[in-house]
Amino acid sequence: MRKVADLMQSDITAFIFYLHNIKKTSENTAVSYKRDLCKFINFMEARGICNLTDITEKDLERYVDYMREQKFATATISRNIASIKALYQYLCREGKIERNIAEGLKAPKIEKRIPEILTMEEVVCLLEQPSGDSDKEIRDRAMLELLYATGIRVTELITLSLRDVNLQMGFILCRDSHKERFVPFGEAARNAMIRYLENARDNMVTDRKQETLFVNCSGQPMSRQGFWKLVKYYAKKAGIQADITPHTLRHSFAAHLVENGADLRSVQEMLGHSDISTTQIYANMNHNRLREVYAKTHPRG
């Protein structure tokens, strides 16, 4: 009898192909789905379940229980369940199974944590760290300024092409897996970008056909890891104690906009959130801050 891994491998391959080419899912998401599903298959195989149609609702529940017993993070369990449900939806739609047994799987409730944000003073200090005239520092300043000015995701930042930037109008075009959106940026980011494009980028690019906006010192597109290290380096140099990541600047961008009166719908559109409830957390942060100010300053607070 063929193993589950053999039976399901072609289905998973077809499913990942479907995610890439039909759903237009990002590379990172597809890789996560594939990794989760391989773990799921290995679990079933270890328990002697050697046919796709032999997997039952109880088996799925046992797998969820197993993840809990192994102390998987709540977010990890939720992502694994989402991967399994997506696979079964696909298989059912393709007629490869008669019934979607994953439909009733319940993901654990994830407690929404308040994201780490920087104060405006900390952001200014961070952005001013790459202040030299080297090509690298000019590029680093442009990247940090643009990230904070737009709140875009790191993947969106490092995959921007030259044609995605309109310096005259002051906006960038961002493409995610589902749609495109225009995000404005201000004068500080514009000046940093002009300096990078006029004085540094040509010195770093080895292939004149390279269309990626931000390149590394070898003239290749910047990697996520490379930019992550860059942020860590300048945060330490700025004396920032918090353990920040590139996503911290995205959170700070949104929180500072809301704090200064931006409406949630506009912030949602700039961030590219599909659901405004995701954006709502920044308003809640602002309300909490106002309550703290009130309690400290009101004579009868």
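Structure values in brief
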{"read-out": "Scope segment 71-97; condition among the aliphatic types (A, V, I, L, M) and either in contact (Cβ under 8 Å) with a residue 24 or more places away in the chain or in a helix (DSSP H, G or I) (or both); matching residues", "value": "Ala75, Ile77, Ile81, Ala82, Ile84, Ala86, Leu87, Leu91, Ile97"}
{"read-out": "Long-range neighbours under 8 Å by Cβ, at least six apart or interchain, first residue among the small types (Gly, Ala, Ser) within segment 135-151, second open to solvent by 10 Å² or more (accessible area, probe 1.4 Å) and not in a helix (DSSP H, G or I)", "value": "Ala149/Phe185; Ala149/Gly186"}
{"read-out": "Some residue of segment 146-168 being in a helix (DSSP H, G or I) and over 21 Å from Glu211 (Cα atoms)", "value": "yes"}
{"read-out": "Qualifying positions in segment 18-36 - assigned to a helix (DSSP H, G or I) and out of contact with any Lys or Arg (no Cβ under 8 Å at 6 or more places or on another chain)", "value": "Tyr18, Leu19, His20, Asn21, Glu27, Asn28, Thr29, Ala30, Val31, Tyr33, Lys34, Arg35"}
{"read-out": "Residue in segment 167-174 that is closer than 30 Å to Thr76 by Cα, in contact (Cβ under 8 Å) with a residue 60 or more places away in the chain and within 18 Å of the chain's Cα centre (by Cα) present", "value": "yes"}
{"read-out": "Residue count for segment 180-214, restricted to those that are assigned to a helix (DSSP H, G or I), under 25 Å from the mean Cα position of the chain (by Cα) and basic (Lys, Arg)", "value": "1"}
{"read-out": "Boolean, Arg190 is within 23 Å of Ala254 (Cβ to Cβ), open to solvent by 10 Å² or more (accessible area, probe 1.4 Å) and at pLDDT 95 or above", "value": "yes"}
{"read-out": "Close pairs (9 angstrom Cβ cut-off, 6 or more residues apart or separate chains): assigned to a helix (DSSP H, G or I) in segment 37-58, open to solvent by less than 70 Å² (accessible area, probe 1.4 Å) and charged (D, E, K, R) anywhere", "value": "Phe43/Asp59; Met44/Asp59; Leu52/Asp11"}
{"read-out": "Some residue of segment 3-11 being open to solvent by 20 Å² or more (accessible area, probe 1.4 Å) and modelled with pLDDT of 85 or more", "value": "no"}
{"read-out": "All positions within segment 34-81 that are of a type in the set (Asp, Glu) and open to solvent by 60 Å² or more (accessible area, probe 1.4 Å)", "value": "Asp54, Glu57, Glu61, Asp65, Glu69"}
{"read-out": "Condition met for Glu122 (within 25 Å of His247 (Cβ to Cβ), in contact (Cβ under 8 Å) with a residue 24 or more places away in the chain and buried (at least 16 other Cβ atoms within 10 Å of the Cβ))", "value": "yes"}
{"read-out": "Every residue from segment 92-117 that is crowded, with 18+ Cβ neighbours inside 10 Å and at pLDDT 90 or above", "value": "Ile101, Ala102"}
{"read-out": "Subset tally (residues that are under 26 Å from Tyr18 (Cα atoms) and either in contact with a Phe, Trp or Tyr (Cβ under 6 Å, 6 or more places away or on another chain) or in contact (Cβ under 8 Å) with a residue 12 or more places away in the chain (or both)) for segment 180-193", "value": "1"}
{"read-out": "Residue check for Arg62: of a type outside the set (A, V, I, L, M, F, W, C) and touching an Asp or Glu at 6+ places or on another chain (Cβ under 8 Å)", "value": "no"}
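The values are calculated or read from the model by the stated rules, or taken from the named source; none is laboratory data. What you see is a predicted model, and the numbers here were worked out from it, not measured in a lab. Backbone-built Cβ (ideal geometry, glycine too); neighbour counts: all protein chains shown. Side chains are part of the model used for accessible areas, which takes the heavy atoms of the whole protein and leaves out ligands, DNA and RNA. Shrake-Rupley method; radii C 1.70, N 1.55, O 1.52, S 1.80 Å.
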